[in-house]
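Everything below concerns the one structure shown next.
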Amino acid sequence: MHYVVRQFVLQHGKAIGTKEAVVKYERYMAENDLAQLQHTWLFYDKYHPRSLLRFHDQRIHSCKRSADIFLHHLKDGRFSGLCLSQQQANHLDTRCITCSSEAPHFLLDPDTNTIVLSNIPTTVSFWDIFEALSQSCPGVLIANWSHPPAADQQQRQQKQMREMRILFDSRNQAQAALDSLDNFPSVGPVGWSTMRPTLAAESDISAATLPVEMSYPLQILMDEELSSRLVTHLDCIIGLGHKTAEALLGCCRSPQEQLDLNVLYLRQVHNFCFYSGIWCKDPWELKDRCGLQILRSGSGEIAQAVSCTASVAARAHKQRLERFLEEVQCDNLMPLAPSDGWLTNFMEENIKKHSEAKFQCMACMAYFRGKECMQKHISEAHLALLTKAREEVFMVEARANYLCEGWLTEFMEENMKQHSEAKFQCMACKKYFRGQECMQKHISEAHLDLLTEAREERYVAEALANYLREHARSDEGGNVNSNPTGP
């Protein structure tokens, strides 16, 4: 590989210079890798806007299903005895303690009801598996996929094997689905024979405890009000409307009871951790980032304490949630419906204007009176052309997602300074932003020239390092392979 780099640079460097030749080679290799990957389902599942939109829709659907289940349990009195406090009086330090999946904590470990499919090849789409399981197995709630850790990292990277997790409404449904998968290869997607379905291993149910001051009566009152606002706001964003929040918040409860119910609802329905202020896309991400639950200290002494001044931790907690409420929004995904820029460009390319009232379709050469009639004709008679144009736009965005993935993360880390969990500063213009997502959006919009420059510098640095490393090796060894081949 290093020999190929060296030969390419030596061949083209005389005409355009060594540095430019290195950049040209790296661009060639990146496009070559992309050309091979973009024909796989791995590329579609991870980068294509249509797949990203399906993940977004799945997230919304999962929230609505979870909200219905939560309210059903609430009406049946299942959450009677709920108390998200550590009851032992002598353990007030922040540490992990053993909890219960029933009263009083009602902790929900997603792996309890999860099936894991490993060794998913690139020839199989995540969505084919998800749809096949959803149709044949009742109780499917949500699913995701990732590259699992492996002993042989190089082999995993070469094969690009994936791991898929499917969450069911109950453990019994997960077990029934696993039992039914014995007959799945005959009706499942191509490549099923390489996959290995198993039940996810259950982990110890434990939770961390909060600082003592988070259990003061005044703090409980403030958190109850904040959590109620979060419930209403996230329900509205997701599209649950006001009925769910009214059912949850409409009953007369003590501040502590309402707070505990809100915290549990935010976690189980929205995958939101109230005390860390982190909103996750699925319950597995929530578990990895925030644990299964966070409990307050609940001794008798603390229950009687009165604090007029909020602690540093309590103030930071309030500020974090207030900023989240100001900034939170759903994923800004590219619409699948014909709209905006790409459709305008398509219409301009396929419509010829002869006068204010005479337009010609360049696809079939027919004439129409008025631009609206012309556009309606194209959208109805030439739907295949419209779909093709839209897919081309999607592929451009998917390729951009692939090429930007690695270097963009590094660029964001270099150009963001984190002052607190919710305060970020842009190092290019020194402006401050509340939340990492707002910071990243600002950089991608206001400093696009810096992004382009950073990508070019990364290509140059990596490719030049490869070239110099191979050049030094050839000087030490005295020669290299004398059978030159082009890339």
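The values are calculated or read from the model by the stated rules, or taken from the named source; none is laboratory data. Bear in mind the structure is a predicted one, so any value in this text is a computation, not a measurement. In this analysis, Cβ positions are derived from the backbone assuming ideal geometry, glycine residues included, and neighbour counts consider all displayed protein chains. Surface accessibility is based on the protein's heavy atoms, side chains included, excluding ligands, DNA and RNA. Shrake-Rupley method; radii C 1.70, N 1.55, O 1.52, S 1.80 Å.
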Under-5 Å amide H pairs with I351, H placed in peptide plane, nonlocal only: M362
Accessible surface, 1.4 Å probe, highest first, among residues V269, V312, V328: V312, V328, V269
Dimensions (Å) - the range 199-287, Cα atoms, principal axes, largest first: 40, 36, 19
L141 long-range amide H proximity, modeled H, under 5 Å: L167, F168, D169
Fraction of the pair-distance distribution of the range 189-240 above 12 Å, Cα-Cα pairs, percent: 79
Whole-Hz couplings from phi, Karplus 6.51/-1.76/1.60, listed for the range 278-292; x for Gly and Pro: 10, 9, 10, 7, 8, x, 6, 5, 4, 5, 5, 8, 10, x, 7
Heavy-atom SASA rank of R253, R434 (probe 1.4 Å, accessible area, largest first): R434, R253
Charge sum, other residues only, whose C-beta stays under 12 Å from N271's C-beta, Lys/Arg counted +1 and Asp/Glu -1: +2
Residues with amide H under 5 Å from that of L295, placed H, sequence gap 5 or more: A208, T209, L210
Positive minus negative residues near P255 (Lys, Arg vs Asp, Glu; Cβ under 15 Å): -2
